[in-house]
Structures are given as structure tokens and as C-alpha cells.
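> My questions will all concern the structure given below.
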Amino acid sequence: VAESIGVERRGGYYEESGALRDMVQNHMLQLLALVAMEPPAAFDANSVRDEKVKVLKALRAIPLDRAKEYAVRGQYGAGWIGGERVPAYRAEEGVSQHSSTETYVALRVAVENWRWSGTSFYLRHGKRLPRRATEIAIQFKRPPHLPFGTAASDELEPDLLVLRVQPEEGITVRVGAKLPGPTMRLRTVRMDFYYDTSFLAESPDAYERLLLDCAVGDGTLFTRADEVEAAWAYVTRLLDVWQEHQPSFPNYDAGTWGPPEADALLARDGHHWRRM
């Protein structure tokens, strides 16, 4: 979840919240639960919630003595967004000049169950990043054997399924395709689906949908108490660790993709952040 805006005159609120509480604990962990949950027995509120709770309860607790291997926090300094100079977080209205509140979080999350054992989930959220985008990228494992030969598949990237939540809601599938011609050469191609161009209509605002669900008594998209408790149990351990250590802020410029430690977080696993 990338945001190009800053705190937008909400400095007083954000100082007491920070990125982990404001976005990760609720919105991002909910998206994680929706992606990783098993198919529910029925598409009703309790069945969906039951499967989401199983995922949240299966999150591996962040080791207190190795928190840096699983989480990175940051705070933006001054920089440039869309050709305009923007102030540092500590220069925003209502923010302390010595603030240690994080405006950026990157996490390596493990779900300890049979399906997802050994698979890492990477979460990233920050303010004053280069562009606004909320998306879920699911990268498929490379087959253990490619029968096409090394030369034919040199330009081939792993297959990818991208769910774009906002803006430009839609889905992108990245797959390998054979180039035209007599020789076997493969290249990565994209197939895109956009809601607005496919249906020639805008999706209702998120709050419109929720207000309608309230009116008809459908709680599927609302969090249940045990979901909330499980999410808070996961992030509270990290908050406790962060309170014990004073960060060196600011550690990334506005208009960049966050602190370099976030790149190192994925590099330990041989990965890198996808370009958004």
C-alpha cells in the first residue's frame, strides 16, 4: 500500500498512531488473511471470518531478539513528489520535531500452516512514496524443470498474478509466451483487465458498499472481535520491541521507495521488491 501523500494535516492523530497501527494492523493484515485463507464452506459472514481468523492465528510471532530480520520502519524526510518540494514528516503541522513515529513499514510474514509453510509474505506500506498504489502480487514458483532449454527461457520471469485494489482496479497476469517464428524462444507477456473499461461503469465507493451491508445486515466484510484480537496480538510484539529502541529518523527521502533496509529485508531471501 503506497501513498504519495503525507499526513495531510492529521499530524496530531498520526503522532499517536504511526504506520503500523494506522494501516498494517487492520487493512493490510485483512488483505493478507483474504489471500491466504482456505476456501470457506459458504460465502456468508461467519464462514469467511472463520477462515480469516485461522490465518491470523497462524502468523508466526516475530522473534523479539531478531525483529530487524522481519520488520523495517522508516520516516520520510524532505523530498520531491510530482515535481513539488514537500516537507519532512517532522516539519508537518502537529508533529514533534523529534518524532520517532514511523511513516513506513516493511514486514516479512510467515503463516505457519500446511499450505503456506516455507512461503514468505512481504508487506510494504509508506507515505510520501513516488506514487499511489494498492496491489497484491502473487508470484508463482518456478517449475523444477523447464524443457525449453536455457537459451530459450533466458528472458522468462516467474509467472505473476497482480490484483490492483486502487487506483485502476483490475487484474494483471504475467506469463511466458513463445515468440513467433521457427525457433523456440520465450518471453514474458502481460494480460490486463480493468474494471472501468470492461464494464464502462465505476465501482461504488468502499464506504457505500459497507453502508449498504450495514443496512441489509451482511457482516462478511466487517471484522469480528477475534480477528481484531489476533491482528493486534501479532503487531503488539513488534510495537514493544520498537519502543525499546530509538530509531535514526528520517531514513528515507520523500519521493523514494523507502529506506535501504527494506531492500535488505528481501535480499536476505534472494528477492527484491516488485516495481509498482
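> Given a cut-off of under 8 Å on Cα pairs at least six residues apart, what relative contact order in percent is computed for the chain?
In percent, rounded to a whole number, it is 25.
> Something else about it: Using only the Cα atoms of the range 47-181, build the gyration tensor, take square roots of its eigenvalues as a ≥ b ≥ c, and label the shape rounded, prolate or oblate: rounded if a/c is under 1.5, else prolate if a/b is larger than b/c, else oblate. Mind dumping the intermediate values first?
Values: a/c = 2.18, a/b = 1.41, b/c = 1.54.
Taking the square roots of the gyration eigenvalues as a ≥ b ≥ c, the range 47-181 is oblate.
> Next question, about the same structure. In the chain, once you exclude exposed chymotrypsin sites (Phe, Trp or Tyr not before Pro) (DSSP loop, at most 10 other Cβ within 10 angstrom), what's the longest stretch remaining?
Result, exposed sites excluded: 115-276.
> While we're here: If the viscosity is 0.890 mPa s and the temperature 25 °C, what Stokes-Einstein diffusion coefficient in µm²/s follows for the range 155-276 when Rh is the Kirkwood radius over Cα pairs?
123 µm²/s
> Given axes a ≥ b ≥ c from the Cα gyration tensor, I'd like to know whether the chain is rounded (a/c under 1.5), prolate (a/b larger than b/c) or oblate.
Taking the square roots of the gyration eigenvalues as a ≥ b ≥ c, the chain is rounded.
> In the range 1-42, which GluC sites (Glu not before Pro) are in a loop and have at most 16 other Cβ atoms within 10 Å, using DSSP for the loop call?
Taking the range 1-42 and a limit of 16 other Cβ atoms within 10 Å, the loop GluC sites (Glu not before Pro) found are 8.
> FRET efficiency for residue 44 and residue 207, Cβ-Cβ distance as r, R0 = 22 Å, nearest 0.05?
For R0 = 22 Å, the calculated efficiency reads 0.50.
> Same structure again: Take the alpha carbon gyration tensor of the range 1-67, find the square roots of its eigenvalues, order them as a ≥ b ≥ c, and report rounded if a/c is under 1.5; if not, report prolate when a/b exceeds b/c, else oblate.
Oblate shape, in that a/c is at least 1.5 and b/c is the bigger or equal ratio.
> Something else: Which FRET efficiency, nearest 0.05, do residue 274 and residue 216 yield, Cβ-Cβ r, R0 30 Å?
Given R0 = 30 Å and the Cβ-Cβ separation, E is 0.20.
> Round to a whole number: what % of the accessible area of the range 20-60 belongs to carbon and sulfur, probe 1.4 Å?
Heavy-atom surface of the range 20-60 belonging to carbon and sulfur, 1.4 Å probe: 55 percent.
> Would any residue of the range 262-276 have its amide N under 13 Å from a label point 7 Å out along Cα→Cβ of residue 157? List them or say none.
Counting backbone N atoms under 13 Å from the label point, the list is 272-276.
> Can you work out the FRET efficiency for the pair residue 200 and residue 113, with r the C-beta to C-beta distance and R0 = 41 Å, to the nearest 0.05?
With a Förster radius of 41 Å, E is 0.50.
> Under the Karplus relation 6.51 cos²θ - 1.76 cosθ + 1.60, θ = phi - 60°, what is the ordered set of whole-Hz ³J(HN,Hα) values for the range 242-254, x standing for Gly and Pro?
Listing the rounded values in order: 5, 5, 7, 10, 6, x, 9, 10, x, 10, 8, 7, 4 Hz.
> OK, next. Summing +1 for each Lys or Arg and -1 for each Asp or Glu, what net charge is found among the other residues whose Cβ lies under 13 Å from the Cβ of residue 104?
Values: positive: 73, 124, 127, 128; negative: 3, 22, 102, 253, 261, 263.
With Lys, Arg at +1 and Asp, Glu at -1, the net is -2.
> Sort out for me the Cα centre separation of the range 170-223 from the range 50-88, rounded to whole Å.
25 Å
The values are calculated or read from the model by the stated rules, or taken from the named source; none is laboratory data. This one's a predicted model, so the numbers in the text were calculated from it and none came from an experiment. Here the Cβ is made from the backbone with ideal geometry for all residues, glycine too, and neighbour counts use every protein chain on show. For the accessible areas, the whole protein counts, side chains as well, though only heavy atoms, and no ligand, DNA or RNA atoms are used. Shrake-Rupley method; radii C 1.70, N 1.55, O 1.52, S 1.80 Å.
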